[in-house]
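The values are calculated or read from the model by the stated rules, or taken from the named source; none is laboratory data. Predicted, not measured: the structure shown is a model, and the values here were computed from it. With ideal geometry, Cβ positions are generated from the backbone for all residues, glycine too; neighbour counts draw on all protein chains shown.
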Amino acid sequence: MMKTRGFEVVTKYKDKNINLPRRQTLASAGYDIEAAEDITIPSIWRLNFVRIFRLIRNGHELNERDYEMAEEILKPILVPTGLKVYMPEDEVLILANRSSNTFKKNLSLPNGIGVIDADYYNNPNNEGELFVQMLNYGVRPLHIHKGERIAQGIFMKYLKTDDDNPISRERISGFGSTNEKEG
């Protein structure tokens, strides 16, 4: 049988007992995705965020170091999944937050949703490993344990415009942007 879409474990995690995502019920749209390892997501409030917030609130002029500190503090943590995903060229995997993350754990996906393109699979930079961006806006550091469900993945077809004329490019990099070279 020809494979159409699915998840695989990346080489780095082959012998680490990574579970392939599963839907929890017959009507579930999303495949639950787990953390590949234990990780702590620090609270933004513990990383000098309050200092920066006070400076802004009190109308103080921020210097370059203040901006750099704020950018470092509010950078999301990348939680490894140990997974890669394959799908047809006209599909995308949407990574969405679990409702329990925001309601019970104060965790958000700062990018709203993750968009995993079909050509991310097996890219040369990181084998197409999926990472989930997370930001902890709670007051305590949050410990995520290996195997804990952190996001859900939803496969979707996408549409193209009548006058679609893609630039022929090949993905040469991994996470965070489409770094490509002309094809």
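Being in contact with an Asp or Glu (Cβ under 6 Å, 6 or more places away or on another chain) and surrounded by 16 or more Cβ atoms within 10 Å (Cβ to Cβ) is the filter; apply it to the stretch 126-154 and report the residue that is farthest from residue 87 (Cα to Cα).
Only one residue fits best here, namely 146.
Enumerate the strands (runs of 3 or more DSSP E) found wholly within the stretch 27-121, keeping only those where 2 or more residues are within 20 Å of residue 135 (Cβ to Cβ) and at pLDDT 90 or above.
31-34, 39-41, 77-80, 91-97, 114-117
Criterion first (without any contact (Cβ under 8 Å) to a residue 60 or more places away in the chain and surrounded by 12 or more Cβ atoms within 10 Å (Cβ to Cβ)) does residue 59 satisfy it?
no
When you look at residue 32, is it within 29 Å of residue 18 (Cβ to Cβ) and exposed (fewer than 14 other Cβ atoms within 10 Å of the Cβ), yes or no?
No: the conditions fail for residue 32.
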